[in-house]
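Shown next, in structure tokens, is the structure this report addresses.
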Amino acid sequence: MHSYWPEFLTVAIVHLLAVASPGPDFAVMIRQALCQSRRNALLTATGIGAGILVHVTYSLLGIGLIIQQSLVLFSILKVVGALYLTWIAIQCLRSKAGSLPVDAGDARPQSGFAAIRLGFLTNALNPKATLFFVSLFSVLISPDTPIAIQTAYGLYIALATGLWFAMVASFFTLPRVRRGFSRFGHWLDRMMGGILVLLAGQLLFSTVSGASEPALSTKH
């Protein structure tokens with residue numbers, strides 16, 4: 001077992017760098033933390049962690065490599081992910097002055113299931129997460145590593161991701177932090193919406209350009 005510690009540390013460091021970088025998960029998490037109760041924000045963090053298990057599962061089954069090698073399947077995943085991000089972005093861009101609650105009780109009602117679903121779908125439909133896990137399980141993790149150890153890596157990543165975003169949620173739901181954002185919170189909401197629109201546009205652009213490459217190559 002001790003022989004796998006170097007590999008685990010490599011996986012942990014790469015994951016830390018990936019989860020801390022800005023992306024759809026982070027943007028959605030910030031919005032939830034500022035616009036919803038701490039409970040709902042933590043549930044969204046839990047949903048993001050649960051979404052990781054989807055990527056872990058298909059990576060262990062080898063389906064991730066099939067998705068990566070199939071242009072059609074991966075393009076469909078990108079389009080679905082981009083449309084979902086666009087839907088979330090529209091909700092952010094419609095934010096108005098005074099819509100950011102200062103107290104948790106002022107938040108617009110959202111069920112616990114909806115909070116978990118938001119985090120889960122945001123992560124599960126993120127094509128960049130697909131590429132990350134395909135690369136992780138095909139490059140960094142040796143094929144000789146037992147499935148049980150690889151599963152443990154995946155469970156760690158899911159747990160660490162959930163805990164990271166739980167800390168983000170806990171910080172941004174502090175009353176002092178909420179009050180600091182109360183005056184220009186709707187502009188932050190719109191900025192998050194703009195970021196999500198850019199991410200969605202990037203996904204769609206990469207899908208179109210990726211689909212056109214084979215056609216272009218046949219002309220030469």
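We did not get these values from a lab; they are worked out from the coordinates using the rules stated. None of these values were measured; they are calculated from a predicted model. Every residue, glycine as well, gets a Cβ built from its backbone with ideal geometry; the counts of neighbours run over all protein chains shown.
Counting other C-beta atoms within 10 Å, which of Asp25, Asp144 has the fewest, and how do the rest follow? Walk me through the numbers before you get to the answer.
Values: Asp25 27, Asp144 5.
Ordered by Cβ neighbours within 10 Å, fewest first: Asp144, Asp25.
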Fewest to most neighbouring Cβ within 10 Å: what's the order for Met167, Met29, Met191? Met167, Met191, Met29
Is the C-alpha gyration tensor of the stretch 116-162 telling us rounded, prolate or oblate? Criteria: a/c under 1.5 is rounded; beyond that, a/b larger than b/c is prolate, otherwise oblate. oblate
A correct Karplus calculation of ³J(HN,Hα) over the stretch 159-164, with 6.51 cos²θ - 1.76 cosθ + 1.60, θ = phi - 60°, whole Hz and x for Gly and Pro, returns 5, 5, 5, x, 5, 4
